[in-house]
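Structure first, commentary second.
The values are calculated or read from the model by the stated rules, or taken from the named source; none is laboratory data. Worth saying up front: this structure is predicted, and the values here are computed from it rather than measured. Here the Cβ positions follow ideal geometry from the backbone for every residue, glycine too, while neighbour counts run over all protein chains shown.
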Amino acid sequence: MRFTTIFVVALRALRRNSMRSILTALGIIIGVGAVITMVSIGNGAKSQIEAQVATLGQNIITVFPGSFSQGGMRSGFGGALTLTPEDAEAIAAEVADVDGVSAEITERSQILANGLNWNTTVKGESPDYPAIRNWPIAQGTMFSEQDVKSLGKVAVIGKTVADQLFPNEDPIGQTLRIRNLPFRVVGLLETKGFDMRGQDQDDVVLIPYTSHMRRVSRRTNINTILIQGSSPDKLDRVKMDVEDLLTQRRRGREPDFTVRTQEEIATMATATSSTMTLLLAAIAGVSLIVGGIGIMNIMLVSVTERTREIGIRLAIGAHGSDVLTQFLIEAILLSSLGGVMGVCLGIAASEIVSQTNGWPVLVSPSSVFIAVGFSAAVGVFFGFYPARKAARLDPIEALRFE
Amino acid sequence: MAPVVQIRELHKIYESGEVPVHAVRGVSLDIHKGEFVALMGASGSGKSTLMNMLGCLDRPTRGSYKLDGIDIEKLDRNELADLRNQKLGFVFQGFNLLARTTALENVELPMLYGRHRRLGMDVIRERAMHCLDIVGLAKRHDHFPNQLSGGQQQRVAIARALVNEPQVLLADEPTGNLDSKTSVEVMGVFQKLNDEGITIVMVTHELDIASYTKRNLILRDGVVVRDEAVQNRLIASHELLRIGEAETAAKLVNSPSA
């Protein structure tokens, strides 16, 4: 049979049973749409988590103090107060492939300004801090190396602190008091939002770590050292160099520090999101199978129902292959039409989720191919297989079929 | 001239049940071009089985069958399909039209298969319209089978059977599902076609329907027991006039107040 003619026959058959055609296509549409939406949301969540990890800064190595034991009592990690600003300075001076180092000391404190007060995190940092954390200054400048050396009473504040203490005012040049000491605000950090633990990162005041140690907290040790490596592939070597240097500086004493790269933290975070993506993919897989069974049922029922039609066509002079080609074209048309609509539905649904959640939703091409391929294969197989059985009947048997 | 249908010692045995059923037990028959034959018999006489073998829908167990000089024994499934498509036209008792398909598209159906498949859609459409015109349904070409009466559906089926200009028109109880007046209308269509030279073989169990044909074959227990020309042949157009008059009269009698 000429292809166009058989195409016309198949189109007529689909139009003739528009309800059945719609139902079959619907199975495919739902299956494909569900898979694409699920996987897109999963991917979006993953990229969201990765973006949050990235807000920590690029290629960061963190040195934490180790544990200590005193009179049989052992503190946990971070318990020892053994990191010093000199450790940070040594790292900056001696380790290669380091772009920035910041000695970090953290304390919560009540601060006053403008007749208002606010309890916030006061961090002692080095001037490298904004670069390390990938956190630009929105207004003003970061304090300088000179401020660190001179124990300068200068501060850079986060957006939340600015909103709380200087509402409707330009905070630059204003004075705030920490432990009753006046600090001049020289810079305002850009809004960074919440970190992975849900803490407001903008609720912060940065001052030089020397000022923090001498004037504010009166401590001789620092909490952590932030190190920025120059590139991701050198991170492991920088980490080892830092460990070696610090061990050397302790002259054979038990190492009282821990060095972690950001990759380790990031790996943990992405592992979580990978689990979630897997979960969503599993749900999507189930919906695909359910959709497939739906397609199968409709196809099986409709071909059985159409045995008489096949009988008429055979009696009138159709070859078995004509009937088969017709059913194959019908199945392919339905599957591809349903597939395309399913893809559109999936992308639209992903888009809606993205719009309502403010969440990046990434449509993955592989999920599109798998979903469409599977549905089409199911549709075509179960459209074709029973039709083949019917086309092999004697016309008279097919005609007598009720 | 060689007969269109030539059957010699045809047998059909069904083996499907516990006991083999010998439905046709040696029928020999010649049907020439232009004949109008009625195959008659009680149920189980083998007339439908014989009809199915004549229509190449079923193969004989034994015996030979030549259709238009072609020995069907040597043909495979597809060649049989082509033969049905080109040399035979079918009219079934249950019409067997495709549901939810317009009259025109139903008539086009045979042209979508076999050697006519190379025709363009416009030629196919034109020929289908012509055949619908022959059976008087050109105006209703876009109606679906469920919008047509039984008689009209059967006329669509006849148009479909005619569309490939077959050698023989085979009708299996074409009036079985119709009332008497519509039956006469359908017989009128057959007589008109037969007058134009088309060979028709028809199965029926109604004697009055058989008397519209030219030749009656009676089957009993799988063999032909009588084969005779019709003596008092009825003419459908005369009968329709008579029925029309009777109906008019009945209406007058039944509704005197009107």
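Can you tell me which residue within the range B:61-88, out of those that are of a type in the set (D, E, K, R) and in contact with a Phe, Trp or Tyr (Cβ under 8 Å, 6 or more places away or on another chain), is farthest from the other protein chains (Cβ to nearest Cβ)?
Here the answer is B:D71.
Which ones in the range B:41-55 are buried (at least 23 other Cβ atoms within 10 Å of the Cβ) and of a type in the set (A, V, I, L, M, F, W, C)?
Within the range B:41-55, B:L50, B:M53, B:L54 qualify.
Among the residues of the range A:238-259, write down those that are in a strand (DSSP E or B) and either among the acidic types (D, E) or out of contact with any Phe, Trp or Tyr (no Cβ under 7 Å at 6 or more places or on another chain) (or both).
The answer is A:V259, and nothing else.
Taking B:K33 as the residue in question, decide whether it is more than 14 Å from chain A (Cβ to nearest Cβ), surrounded by fewer than 18 Cβ atoms within 10 Å (Cβ to Cβ) and either without any contact (Cβ under 8 Å) to a residue 40 or more places away in the chain or on the phi > 0 side of the Ramachandran plot (or both).
Answer is no for this residue.
Which pairs do you get when a residue that is aromatic (F, W, Y), found in the range A:104-116, comes within reach of a residue that is surrounded by 15 or more Cβ atoms within 10 Å (Cβ to Cβ) and at pLDDT 90 or above, reach meaning Cβ atoms under 7 angstrom, with the pair 6+ apart or on two chains?
none
Just to be sure I understand, how many residues within the range B:95-105 are at the interface with chain A (Cβ under 9 Å from one of its Cβ atoms) and either surrounded by fewer than 18 Cβ atoms within 10 Å (Cβ to Cβ) or not in a loop (DSSP other than H, G, I, E, B) (or both)?
Of the residues in that region, 3 qualify.
Within the range B:106-125, which residues are more than 7 Å from chain A (Cβ to nearest Cβ) and part of a loop (DSSP other than H, G, I, E, B)?
Matches in the range B:106-125: B:L119, B:G120.
Go through the range B:97-108 and give me each residue that's modelled with pLDDT under 90 and under 15 Å from A:G317 (Cβ atoms).
B:L98
Got at least one residue in the range B:207-215 being assigned to a helix (DSSP H, G or I) and within 12 Å of the chain's Cα centre (by Cα)?
No.
Within the group B:T213, B:T199, B:T182, B:T204, which residue is hydroxyl-bearing (S, T, Y) and within 22 Å of B:T102 (Cα to Cα)?
Of the residues listed, the single one that is hydroxyl-bearing (S, T, Y) and within 22 Å of B:T102 (Cα to Cα) is B:T182.
How many residues are buried (at least 21 other Cβ atoms within 10 Å of the Cβ) and touching a helix residue (DSSP H, G or I) at 6+ places or on another chain (Cβ under 7 Å) when one looks only at the range B:203-217?
Qualifying residue count for the region: 4.
If you take the residues of the range A:295-336 that are within 14 Å of chain B (Cβ to nearest Cβ) and in contact with a Pro (Cβ under 7 Å, 6 or more places away or on another chain), which of them is nearest to A:M19 (Cα to Cα)?
Ranking the candidates gives A:G311 first.
Of these, A:P136, A:P130, which one is crowded, with 21+ Cβ neighbours inside 10 Å and either assigned by TED's automatic domain parsing to the domain that holds A:L181 or in contact with a Pro (Cβ under 8 Å, 6 or more places away or on another chain) (or both)?
A:P130
Restricting attention to helices (runs of 4 or more DSSP H) lying wholly within the range A:124-237, give those where 1 or more residues are among the small types (G, A, S) and under 23 Å from A:A88 (Cβ atoms).
A:129-132
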